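Each remark here refers to the structure printed beneath this line.
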Amino acid sequence: MKTLDLLHRWIGGCVGLVLAVLGLSGALLVHKDAWVLLPHASDAQVQDSAVIARTVDRIMGDPATRPEMLTFASPEFGLDRLRFADDSGAYVTQAGDFVARWDSQWERPELWLFDLHHHLFAGDVGEAVIGVAALLGLFFVVSGVILWTRTRKTFAFTLLPKRMSRPAIVRHHRDLGVVAAPLLLLSLLTGSILVFRPVAALILGPSAPARIDASLKPPKSAALPVSPTLDWRAMILTARRRFPDAEFRSLSLPRGKSGLITLRMKKPEEWLPNGRTTLWFAADSGQLVAARDAAGLPGQVKAYNMLYPLHAAKVGGLAYRLVMTVSGLALALLGSFTIWSFWIVRPGQAGRRTKAKATPPRPA
């Protein structure tokens, strides 16, 4: 127990700040669609094929102003989002009229907050750090519950410490942690799997990582230039005929050495916000090359696709968003008070201050 307590305190003191940042930013991002206040943001989602085809043709038709990705409006957020190759972007109405533009993510709080939560502003390196922190967070939850059993008879739940002394903070940390443990396990486990796919083998079986990679891999294609005269309307109408009950979620130009335009759709039974029902079109002709129905994916892959909606509260409505908000705020409190008690209020410091106040000055 002593060794476990030592590891819990020291590792927590080192990564507590990262976990606090992840918890607070995650709690804010859960409600992103509600606090991004822009004209037409509350418009009803349009999924009429003719309207979407007309909008896509208007946005993608001119090669000089064509974005590299178009994300369609959702039931919760009524604006389309454009992303350009130079990292600038824009929100447009579902008819294609511009509402807001930005040259950098720093101009939009929802964008830099997303980057903070997913990459710590450090790209792939930051994402790896987050994954490691999530795995360590799982250790904290398990070890914390074990350590709590020693003092379970003194359990007294409070939202905040009664005092900013180290004993009060430690007691608050211990009792809040055991109450929030189930939610923290869900958040940290799903987060670690999303960063480190091999971790999925622990939950979905040893074959899961390879099966996920194979099932979600796009078809092979030679690098092709994007034609300036593509029939974007035809792509949208082809996708609608192929999957009449699915909603359009995103359209993106080829990346890297690929020559395929990717159109993602979401079928009613899918939880993933942007769906995994996908069509690929040749960049030089616009002809359909391949299509993948998410309903035909293996069970392990379907389970994997449910992790992000569970982690980001994209299912379950407001009730589940509030549940994950509690999880994020609890992680923020646990991490921040850990830093305070470990690095600022050292053991015995409060006692020495109290003793000094209680000792009367010596007579001169």
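(1) touching a residue at least 40 places away in the same chain (Cβ under 8 Å); (2) more than 23 Å from the chain's Cα centre (by Cα): which one isn't true of A223, the others all being true?
Status for A223: all satisfied but (1).
Only residues that are under 22 Å from P228 (Cα atoms) and free of Cβ contacts under 8 Å to residues at least 24 places away in the same chain: list them for segment 45-66, please.
Correct list: A50, D62, A64, T65.
Filter segment 184-215 for residues that are touching a residue at least 60 places away in the same chain (Cβ under 8 Å) and not in a helix (DSSP H, G or I); which is surrounded by the fewest Cβ atoms within 10 Å (Cβ to Cβ)?
S207
Residue pairs, Cβ under 7 Å, 6 or more apart or interchain, first in segment 252-266 and touching a residue at least 12 places away in the same chain (Cβ under 8 Å) and among the basic types (K, R), second outside any strand (DSSP E or B) and surrounded by fewer than 17 Cβ atoms within 10 Å (Cβ to Cβ). List them.
The qualifying pairs are K257/A223.
I'm trying to understand the selection: among the residues of segment 117-171, which are part of a loop (DSSP other than H, G, I, E, B), of a type in the set (A, V, I, L, M) and more than 25 Å from the chain's Cα centre (by Cα)?
Here is the first cut: in segment 117-171, the ones part of a loop (DSSP other than H, G, I, E, B) are 120-122, 155-165.
Retained after the next criterion (residues that are of a type in the set (A, V, I, L, M)): 120, 122, 156, 159-160, 164.
Matches in segment 117-171: A156, L159, L160, M164.
Would you mind listing the helices (runs of 4 or more DSSP H) fully within segment 260-343 where at least 1 residues are farther than 28 Å from Q47 by Cβ and among the hydroxyl-bearing types (S, T, Y)? Walk me through it before giving the result.
Values: elements: 299-305, 307-312, 317-339.
Hits in segment 260-343: 317-339.
Determine the pairs where a residue that is farther than 16 Å from S88 by Cβ, located within segment 107-120, has a partner that is of a type in the set (G, A, S) with Cβ atoms under 6 Å apart, the partner being 6 or more residues away or on another chain.
Partner pairs satisfying both residue conditions: L113/S25; L116/S25; H117/S25; H117/G26; H119/G126; L120/G126.
Looking at segment 20-48, which of the residues that are small (G, A, S) and surrounded by fewer than 16 Cβ atoms within 10 Å (Cβ to Cβ) is nearest to S74 (Cα to Cα)?
So the residue we want is A44.
Return the residues of segment 1-43 that are assigned to a helix (DSSP H, G or I) and over 24 Å from F139 (Cβ atoms); say none if nothing qualifies. Walk me through how you get there before you give the answer.
Taking segment 1-43 first, the residues assigned to a helix (DSSP H, G or I) are 2-29, 32-35.
Matches in segment 1-43: L28, L29, K32, D33, A34, W35.
Hey, I236 hits all of (1) crowded, with 16+ Cβ neighbours inside 10 Å; (2) touching a Pro at 6+ places or on another chain (Cβ under 9 Å) but one; which does it fall short on?
For I236, the exception is condition (2).
When residues of segment 2-33 are filtered for being under 24 Å from the mean Cα position of the chain (by Cα) and without any contact (Cβ under 8 Å) to a residue 24 or more places away in the chain, how many remain?
1
Whether any residue in segment 342-355 is crowded, with 17+ Cβ neighbours inside 10 Å and at pLDDT 60 or above is what I want to check.
yes
Read through the list (1) over 21 Å from P39 (Cβ atoms); (2) among the hydroxyl-bearing types (S, T, Y); (3) surrounded by 17 or more Cβ atoms within 10 Å (Cβ to Cβ), then give the number of the only condition that T158 fails.
Single failed check for T158: (3).
The values are calculated or read from the model by the stated rules, or taken from the named source; none is laboratory data. Quick caveat, the model's predicted, so the values are computed rather than measured. Ideal geometry is used to build each Cβ from the backbone, glycine not excepted, and the neighbour counts take in all protein chains shown.
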